[in-house]
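Trainee: Take this structure, written in structure tokens, and hold onto it; I'll ask about it next.
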Amino acid sequence: MSGDLLGILPEIIVAALAIALLMVELGLKRERARVIVPALAAIGLVAAFAAGPLTTARTELFGGLLVVDSFTSFFRAVFLGLALIAVLVSPPYLERRGLPVAEYYAMILFSTLGAMTITLSSDLITLFLGLELMSIPVYVLAGMQRRDRFSNEAAMKYFLLGAFSSALLLYGFTWLFGIAGTTDFAAIAAAIGRAGLTSGPVLVALALITVGLGFKAAVVPFHQWTPDAYDGAPTPASAFMSVAPKAAAFAAAVRIFFGPLAPLAADWSTAFALLAVITMTAGNAVALAQRNVKRMLAYSSIAHTGYILAATAAFGADTAAAAGVLFYLAAYGLMNIGAFASLLVLDTEGTRGATLGELAGLAKRHPLAAFVFAVFLVSLTGIPPTVGFIAKVFVLQPVLDAGFTWLAVAIALNAAVAAFYYLRVVVQMYMSEPEEGAPRVVSGWIVEASLAVTAAAVVVLGIVPSTLYSWALAAAAPLFSVPR
Amino acid sequence: MLLTALVLIPALGILPILLASRSAAAVRVIAVAVTLLELAVSLLVAARFTVGEAGFQMVESVPWLPSLGVRYELGIDGISLTLLVMTTLLTFISVLYSTKVITTRVTEFMIAFLLLEIGMVGVFMALDLFLFYVFFELMLIPMYLIIGIWGGPRRVYSTLKFVLFTLAGSLLMLVAIVAVYLASGPEGGRTLSLVDLIAGRGRFSADFQVWVFLAFALAFAIKLPMFPFHTWLPDAHVEAPTAGSIILAGVMLKAGGYGFIRFALPLFPIGVQAWLPVIITLSVIGILYGAVVAMVQKDMKKLVAYSSVAHMGFVTLGIFVLNEQGMMGAVLQMLNHGIVTGGLFLFVGIQYEKTHRRLIAELGGLANRWPLYTTCFAVFTFASLGLPGLNGFVGEFLVLLGAFRFAPPTGLGGSFWGPVAALGVILAAVYMLWMFQRVMLGPVREAYAKLPDLSPIEMACAVPLVVLTVVLGVFPQPVIAVIEPSLKHVLALATDPSIQVAVR
């Protein structure tokens with residue numbers, strides 16, 4: 001039993017940390033809490049990262065309810081890293097808007113805990129628990145600005161559609177349980193291998209689970225909540241929301257579709273490929289029309305869902321497909337959280353967030369923020385030498401290997417379209433003069449340092465991606481070595 | 001290590017520029033010093049180059065992405081050496097000239113230029129397809145910023161158009177590169193190293209070659225640019241600052257022609273045969289179209305830009321007639337166009353800085369006031385229209401010779417394409433001389449009668465180009481000797497699909 005507990009030490013640390021933050025704040029003055037609480041959260045996240053192994057052989061814990069393998073380790077690092085960045089860039093914004101401190105950080109930590117739980121799951125129940133624990137705190141984060149009606153709208157929409165998708169997912173899980181008579185992944189895989197898609201119930205389960213996870217990952221046509229939620233939420237929360245839940249949803253998708261549903265791969269992979277093309281094309285097309293940068297980034301994140309989904313569809317390429325998904329998620333996490341966080345240098349109090357015009361001349365008003373934002377945008381476009389480019393290659397490779405040439409061409413054309421709206425922001429920042437009445441520029445050294453380090457990571461990983469990719473490959477391996 | 005040094009010198013040069021960013025004067029001095037050092041090292045590379053060998057020399061190869069079989073592999077042969085030295089020379093001249101005319105955001109400008117130089121020298125040295133792609137794309141963002149920040153009134157539109165056109169083509173090439181990787185061998189034995197790919201090119205089926213060649217050709221045709229993908233070029237040139245125009249026309253367009261010769265031809269000989277009629281036709285259309293449109297231009301810069309479209313038509317024509325004269329002409333045309341058109345853009349820029357006029361109708365009589373300027377400009381004009389004795393003649397003559405000898409098994413042969421392409425040379429004489437006459441001759445205009453002739457820095461920029469224009473026109477043999485062995489090898493690979501051994 002103590003061995004079991006030791007195996008989930010990182011999760012225990014995060015859970016304890018979240019509860020501790022809520023209690024610590026009670027004994028602190030407001031001003032001090034604004035410094036100490038995030039500092040504690042950051043230290044705790046680093047400790048949680050240090051408490052887990054980087055790669056590990058597959059170990060079953062708690063009688064097979066949880067499993068720790070390299071896949072878990074990889075995603076632990078991704079989620080903890082993203083939470084750390086989110087924690088570090090949030091304090092000045094919370095102070096400006098007078099948002100509650102402990103609750104905010106606790107919600108980020110609880111959500112991170114849920115995301116980590118997903119990657120521990122080898123059982124439908126654990127997976128669902130993890131998904132809900134990940135989602136519910138994010139609804140709260142979206143609505144944290146109680147007096148802002150857009151924030152309210154964001155939380156309400158996100159909650160209703162999120163709850164709806166959870167219900168669909170759970171319903172799908174019950175069908176799986178009905179077919180297999182168990183919630184254990186390996187046993188389900190064996191049962192489905194016997195039943196096949198020709199059996200109606202399997203088809204229903206497959207459809208429900210696809211739709212349920214599609215909502216969480218913002219796959220078109222289940223994406224409608226995304227722009228409103230990202231736009232209305234407090235900006236640092238949007239940064240976190242746009243990356244962690246998406247990574248968690250894909251972690252869940254990979255766990256399920258590459259695990260118990262793998263025998264049906266021939267049936268779902270083409271459907272995924274079609275959804276991927278629809279998702280990236282719709283995301284990019286609508287992003288072209290956006291003037292509000294947060295909404296543009298929201299639609300662009302939908303397009304990126306499409307690219308990741310394309311790699312998921314390439315199941316036929318084995319580990320390369322899963323490694324492509326994992327690498328892309330890590331890369332996307334860095335560049336997208338960075339892009340949203342770059343907006344934090346503008347004090348857009350009382351508006352709906354920075355418009356393109358308000359970014360005009362940012363290179364003169366805040367050179368560092370403009371530069372890192374440009375780096376993130378170039379990376380999102382997929383131009384070397386950034387990690388975004390390498391990630392696209394690692395998606396294209398399995399997609400072509402699995403025989404989806406048309407999908408690879410669609411990715412290439414979409415990336416060219418996306419360049420237009422990403423580079424338009426660079427145009428505003430570098431090639432236009434500041435406008436009258438543009439929002440005040442605010443700065444804080446921790447935010448700037450975090451942005452600079454994240455941008456440096458985006459470039460360094462673009463030049464020497466080998467280590468991260470090998471890690472992703474190692475993390476993908478256990479998915480394919482489990483008996484099905 | 002010399003080739004890696006060429007990649008690293010501009011990269012490391014960024015650091016002192018950042019440290020000195022408070023003083024624009026210091027930044028300028030450092031940038032000139034760095035590009036001069038780069039030029040010196042490239043000349044050292046040329047000095048150590050063994051003339052007469054066909055294969056790649058000074059090869060450096062280190063694993064970069066082992067899981068994808070991607071290597072950091074650099075090497076040069078006669079073709080790349082020629083373009084490499086041209087690149088470092090033109091970059092040096094551009095930076096030197098920019099010290100005078102770029103007055104805003106000097107630090108950023110020089111950093112962008114050094115980043116651009118990394119991409120440009122890398123493109124001509126990369127022997128791994130992935131690495132080539134990275135350098136190919138690395139050129140994009142710096143040029144985007146150079147046009148977009150320091151360009152003319154319509155710079156934003158032009159620079160976005162430039163990036164989107166280029167990116168659309170190159171992303172499809174990326175898909176093709178990944179496809180080549182997957183087809184290069186069984187899992188675990190895959191590679192993107194050019195030499196290994198050529199050795200194993202028997203694996204590429206005819207069907208595969210046809211499609212993959214198309215994807216590569218599209219990327220290179222947009223970069224070059226070939227008619228009808230040229231529409232970004234006039235916009236980009238007109239808005240770009242002078243240094244940007246010099247590099248764009250002088251070097252970046254050559255990345256397209258070089259890509260054809262280095263990668264598309266040796267890797268996909270069957271693909272070449274399949275698309276050859278289309279490319280020849282488009283090349284000749286480009287030659288005539290570029291020339292006709294250049295004739296009616298009112299703006300000097302736009303005229304030179306359209307003349308580039310015509311000149312690049314000669315390059316693709318020369319490459320795809322698939323004989324020795326044609327391809328030699330194409331490589332020389334790339335080199336000579338870099339020098340001559342680089343010079344023309346430099347001189348249009350110099351003139352514009354003085355008079356603030358670029359419309360041909362507003363100019364006239366410059367010859368009376370600026371003898372030095374006019375002499376240099378005349379040299380470039382005559383070289384551009386292909387006057388024997390100047391370098392422009394050599395390339396175009398060889399391309400035409402090759403075109404006349406073009407004898408495909410079916411379809412129109414050299415007796416059709418040769419004379420039609422030769423019309424382009426006549427048209428070039430018309431538009432270049434007409435421009436020269438209207439700008440240089442006639443009475444002086446009051447508005448700029450008192451403006452000075454070339455300054456010492458402008459002379460320093462112009463002299464190497466003028467000298468090369470004359471020397472390469474009179475005595476091109478040394479350059480031909482450098483190029484010839486490598487070129488014959490490429491040609492053999494391109495025309496005989498059964499050859500599977502590459503020269504290491």
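Trainee: Determine which member of the set B:VAL292, B:VAL296 is out of contact with any strand residue (DSSP E or B) (no Cβ under 6 Å at 6 or more places or on another chain), surrounded by fewer than 24 Cβ atoms within 10 Å (Cβ to Cβ) and closer than 16 Å to B:GLN437 by Cβ.
Mentor: Just a single option satisfies the conditions, and that option is B:VAL296.
Trainee: Collect the residues in segment B:161-186 that are without any contact (Cβ under 8 Å) to a residue 12 or more places away in the chain and more than 10 Å from chain A (Cβ to nearest Cβ), keeping them in residue-number order.
Mentor: Of everything in segment B:161-186, just one residue is without any contact (Cβ under 8 Å) to a residue 12 or more places away in the chain and more than 10 Å from chain A (Cβ to nearest Cβ), namely B:PRO186.
Trainee: Among the candidates B:LEU96, B:LEU131, B:LEU164, which residue alone is among the aliphatic types (A, V, I, L, M) and either buried (at least 24 other Cβ atoms within 10 Å of the Cβ) or closer than 27 Å to B:ILE198 by Cβ (or both)?
Mentor: Numbers: B:LEU96 fails: either buried (at least 24 other Cβ atoms within 10 Å of the Cβ) or closer than 27 Å to B:ILE198 by Cβ (or both); B:LEU164 fails: either buried (at least 24 other Cβ atoms within 10 Å of the Cβ) or closer than 27 Å to B:ILE198 by Cβ (or both).
Answer to the selection: B:LEU131.
Trainee: Another question, if that's okay. Taking segment A:362-381 as the search range and keeping residues that are more than 12 Å from every other protein chain (Cβ to nearest Cβ) and aliphatic (A, V, I, L, M), which one is nearest to the chain's Cα centre (by Cα)?
Mentor: First, the residues of segment A:362-381 that are more than 12 Å from every other protein chain (Cβ to nearest Cβ): A:362, A:365-366, A:368-369, A:372-373, A:376, A:380.
Now restrict to residues that are aliphatic (A, V, I, L, M): A:362, A:368-369, A:372, A:380.
Details: A:LEU362: 27, A:LEU368: 25, A:ALA369: 23, A:VAL372: 20, A:LEU380: 14 Å.
If we take residues in segment A:362-381 being more than 12 Å from every other protein chain (Cβ to nearest Cβ) and aliphatic (A, V, I, L, M), then A:LEU380 is nearest to the chain's Cα centre (by Cα).
Trainee: Moving on. Output the number of residues of segment B:58-77 satisfying the condition of being away from chain A (no Cβ under 14 Å) and either hydrophobic (A, V, I, L, M, F, W, C) or assigned to a strand (DSSP E or B) (or both). Spell out how you get there, then give the answer.
Mentor: Step one: filter segment B:58-77 for residues away from chain A (no Cβ under 14 Å), giving B:58-61, B:73-77.
Retained after the next criterion (residues that are either hydrophobic (A, V, I, L, M, F, W, C) or assigned to a strand (DSSP E or B) (or both)): B:58-61, B:73-76.
Residues in segment B:58-77 being away from chain A (no Cβ under 14 Å) and either hydrophobic (A, V, I, L, M, F, W, C) or assigned to a strand (DSSP E or B) (or both): 8 in total.
Trainee: Sticking with this one: Can you work out which of the residues in segment B:461-470 that are touching a residue at least 24 places away in the same chain (Cβ under 8 Å) and open to solvent by 50 Å² or more (accessible area, probe 1.4 Å) is farthest from B:ALA378 (Cα to Cα)? Steps first, please.
Mentor: Within segment B:461-470, the subset touching a residue at least 24 places away in the same chain (Cβ under 8 Å) is B:461-462, B:464-466, B:468-470.
Imposing the further condition that a residue be open to solvent by 50 Å² or more (accessible area, probe 1.4 Å) reduces the set to B:468, B:470.
On the way: B:LEU468: 14, B:VAL470: 12 Å.
Top of the filtered list is B:LEU468.
Trainee: Need at least 2 residues that are aliphatic (A, V, I, L, M) per element, so show me which helices (runs of 4 or more DSSP H) inside segment A:74-178 make the cut, counting only ones lying wholly within it.
Mentor: Counting at least 2 such residues, we get A:101-120, A:124-142.
Trainee: Go through (1) open to solvent by less than 10 Å² (accessible area, probe 1.4 Å); (2) within 16 Å of the chain's Cα centre (by Cα); (3) not small (Gly, Ala, Ser) for A:PHE110 and report which single condition fails.
Mentor: (1)
Trainee: Looking at (1) within 14 Å of another protein chain (Cβ to nearest Cβ); (2) at pLDDT below 90; (3) open to solvent by less than 20 Å² (accessible area, probe 1.4 Å), which one does A:GLU433 not meet, given that it meets all the others?
Mentor: Here A:GLU433 clears every test but (3).
Trainee: Which residue out of B:SER94, B:SER80, B:SER98 is more than 14 Å from chain A (Cβ to nearest Cβ), within 20 Å of B:VAL134 (Cβ to Cβ) and in a helix (DSSP H, G or I)?
Mentor: Answer to the selection: B:SER80.
Trainee: Just the residues that are among the polar types (S, T, N, Q) and either outside any helix (DSSP H, G or I) or touching a residue at least 24 places away in the same chain (Cβ under 8 Å) (or both), please, taken from segment B:399-443. Write out each step before concluding.
Mentor: Of all residues in segment B:399-443, those among the polar types (S, T, N, Q) come to B:410, B:415, B:437.
If the condition is that a residue be among the polar types (S, T, N, Q) and either outside any helix (DSSP H, G or I) or touching a residue at least 24 places away in the same chain (Cβ under 8 Å) (or both), then B:THR410 is the only one that fits.
Trainee: I'm checking my understanding of the structure. Among residues of segment A:264-282 that are more than 22 Å from the chain's Cα centre (by Cα) and farther than 16 Å from A:GLY172 by Cβ, which one is most open to solvent (accessible area, probe 1.4 Å)?
Mentor: Looking at residues that are more than 22 Å from the chain's Cα centre (by Cα) and farther than 16 Å from A:GLY172 by Cβ, I get A:ALA266.
Trainee: Applying the selection to segment A:310-342, what residues are open to solvent by 10 Å² or more (accessible area, probe 1.4 Å) and under 17 Å from the mean Cα position of the chain (by Cα)?
Mentor: Matches in segment A:310-342: A:ALA330, A:LEU334.
Trainee: Still on this structure, please answer the following. Before we move on, is A:LEU343 in a helix (DSSP H, G or I), at pLDDT 95 or above, out of contact with any Leu (no Cβ under 7 Å at 6 or more places or on another chain) and not hydroxyl-bearing (Ser, Thr, Tyr)?
Mentor: Working: in a helix (DSSP H, G or I): yes; at pLDDT 95 or above: no; out of contact with any Leu (no Cβ under 7 Å at 6 or more places or on another chain): yes; not hydroxyl-bearing (Ser, Thr, Tyr): yes.
For A:LEU343, the condition - in a helix (DSSP H, G or I), at pLDDT 95 or above, out of contact with any Leu (no Cβ under 7 Å at 6 or more places or on another chain) and not hydroxyl-bearing (Ser, Thr, Tyr) - is not met.
Trainee: Something else about it: State whether the residues of segment B:420-430 include one that is of a type outside the set (Val, Ile, Thr) and closer than 17 Å to B:LEU346 by Cα.
Mentor: In the first step, residues of segment B:420-430 are kept if they are of a type outside the set (Val, Ile, Thr); the result is B:421-424, B:427-429.
Now drop any that are not closer than 17 Å to B:LEU346 by Cα, which leaves none.
No - not one qualifying residue is present in segment B:420-430.
Trainee: Could you tell me whether segment B:37-57 includes any residue that is among the polar types (S, T, N, Q), away from chain A (no Cβ under 14 Å) and part of a helix (DSSP H, G or I)?
Mentor: yes
Trainee: Pairs, please: C-beta under 6 Å, at least 6 apart or cross-chain, first residue at the interface with another protein chain (Cβ under 9 Å from one of its Cβ atoms) and within 13 Å of B:GLY244 (Cβ to Cβ) and in segment B:133-160, second open to solvent by less than 10 Å² (accessible area, probe 1.4 Å) and of a type in the set (Phe, Trp, Tyr)?
Mentor: Pairs found: B:THR159/B:TYR144.
Trainee: Still on this structure, I have one more. If you go through segment B:217-230 one residue at a time, do you hit one that is within 14 Å of chain A (Cβ to nearest Cβ) and not in a helix (DSSP H, G or I)?
Mentor: Yes, there is a match, as at least one residue in segment B:217-230 is within 14 Å of chain A (Cβ to nearest Cβ) and not in a helix (DSSP H, G or I).
Trainee: Given the condition more than 13 Å from chain B (Cβ to nearest Cβ), surrounded by 24 or more Cβ atoms within 10 Å (Cβ to Cβ) and part of a helix (DSSP H, G or I), answer yes or no: does some residue in segment A:347-361 qualify?
Mentor: Yes, the conditions are met somewhere in segment A:347-361.
Trainee: While we're on this one: Of B:LEU401, B:LEU427, B:LEU390, which residue is under 16 Å from B:ILE339 (Cβ atoms) and at pLDDT 90 or above? Explain how you work it out, then say what you get.
Mentor: Values: B:LEU401 fails: under 16 Å from B:ILE339 (Cβ atoms); B:LEU427 fails: under 16 Å from B:ILE339 (Cβ atoms).
One residue alone meets the criteria, B:LEU390.
Trainee: Still on this model: With the requirement that a residue be open to solvent by less than 10 Å² (accessible area, probe 1.4 Å) and among the polar types (S, T, N, Q), what does segment A:127-165 give you?
Mentor: Residues satisfying the conditions are A:SER135, A:SER151, A:SER165.
Trainee: Looking at B:VAL490 and the list (1) at pLDDT 90 or above; (2) of a type in the set (A, V, I, L, M); (3) open to solvent by 30 Å² or more (accessible area, probe 1.4 Å), which single condition is not satisfied?
Mentor: Of everything listed in (1) at pLDDT 90 or above; (2) of a type in the set (A, V, I, L, M); (3) open to solvent by 30 Å² or more (accessible area, probe 1.4 Å), B:VAL490 misses just condition (3).
Trainee: Related question: Go through the residues of segment A:49-71 one by one and say whether even a single one is under 23 Å from A:SER242 (Cβ atoms), touching a residue at least 40 places away in the same chain (Cβ under 8 Å) and assigned to a helix (DSSP H, G or I).
Mentor: There is at least one residue in segment A:49-71 that is under 23 Å from A:SER242 (Cβ atoms), touching a residue at least 40 places away in the same chain (Cβ under 8 Å) and assigned to a helix (DSSP H, G or I).
Trainee: For B:GLY189, work out the one condition from (1) more than 9 Å from every other protein chain (Cβ to nearest Cβ); (2) within 30 Å of B:HIS356 (Cα to Cα) it doesn't fulfil.
Mentor: With (1) more than 9 Å from every other protein chain (Cβ to nearest Cβ); (2) within 30 Å of B:HIS356 (Cα to Cα) applied to B:GLY189, the lone miss is (2).
Trainee: Something else now. Got a number for residues in segment A:382-428 being among the β-branched types (Val, Ile, Thr), part of a helix (DSSP H, G or I), more than 7 Å from chain B (Cβ to nearest Cβ) and open to solvent by less than 10 Å² (accessible area, probe 1.4 Å)? Can you show your working first?
Mentor: Here is the first cut: in segment A:382-428, the ones among the β-branched types (Val, Ile, Thr) are A:383, A:386-387, A:390, A:393, A:395, A:399, A:405, A:409, A:411, A:417, A:425-427.
Pick out the ones that are also part of a helix (DSSP H, G or I) and you get A:387, A:390, A:393, A:395, A:399, A:405, A:409, A:411, A:417, A:425-427.
Okay, now just the ones that are also more than 7 Å from chain B (Cβ to nearest Cβ), so A:387, A:390, A:395, A:399, A:405, A:411, A:417, A:425-426.
Of the ones still in play, those that are also open to solvent by less than 10 Å² (accessible area, probe 1.4 Å) are A:387, A:390, A:395, A:399, A:411, A:425-426.
Going through segment A:382-428 one residue at a time, the tally reaches 7.
Trainee: Is one or more of the residues making up segment B:103-126 in contact with a strand residue (DSSP E or B) (Cβ under 6 Å, 6 or more places away or on another chain) and crowded, with 24+ Cβ neighbours inside 10 Å?
Mentor: From segment B:103-126, those in contact with a strand residue (DSSP E or B) (Cβ under 6 Å, 6 or more places away or on another chain) are B:125; that's our starting set.
Subsequent filtering for residues that are crowded, with 24+ Cβ neighbours inside 10 Å retains B:125.
Scanning segment B:103-126, I find at least one residue that is in contact with a strand residue (DSSP E or B) (Cβ under 6 Å, 6 or more places away or on another chain) and crowded, with 24+ Cβ neighbours inside 10 Å, so the answer is yes.
Trainee: Another one. So if I check each of A:ALA477, A:ALA452, A:ALA472, which one is of a type in the set (A, V, I, L, M), within 14 Å of chain B (Cβ to nearest Cβ) and open to solvent by less than 20 Å² (accessible area, probe 1.4 Å)?
Mentor: Values: A:ALA477 fails: open to solvent by less than 20 Å² (accessible area, probe 1.4 Å); A:ALA452 fails: open to solvent by less than 20 Å² (accessible area, probe 1.4 Å).
Only one candidate qualifies: A:ALA472.
Trainee: Right, another one. Given the criteria surrounded by 14 or more Cβ atoms within 10 Å (Cβ to Cβ), on the phi < 0 side of the Ramachandran plot and not polar (S, T, N, Q), does B:LYS450 qualify?
Mentor: no
Trainee: Looking for whichever is among the hydrophobic types (A, V, I, L, M, F, W, C) and either open to solvent by 50 Å² or more (accessible area, probe 1.4 Å) or within 26 Å of A:ALA472 (Cβ to Cβ) (or both) here; the options are A:LEU88, A:LEU99, A:LEU94, A:LEU17. Which one fits?
Mentor: Going through A:LEU88, A:LEU99, A:LEU94, A:LEU17 in turn, the sole match is A:LEU88.
The values are calculated or read from the model by the stated rules, or taken from the named source; none is laboratory data. Keep in mind the model is a prediction, meaning the values are calculated, not measured. Here Cβ is always computed from backbone atoms with ideal geometry, including for glycine, and neighbour counts include all displayed protein chains. To get the accessible areas, we keep the full protein, side chains included, count just its heavy atoms, and leave off ligands, DNA and RNA. Shrake-Rupley method; radii C 1.70, N 1.55, O 1.52, S 1.80 Å.
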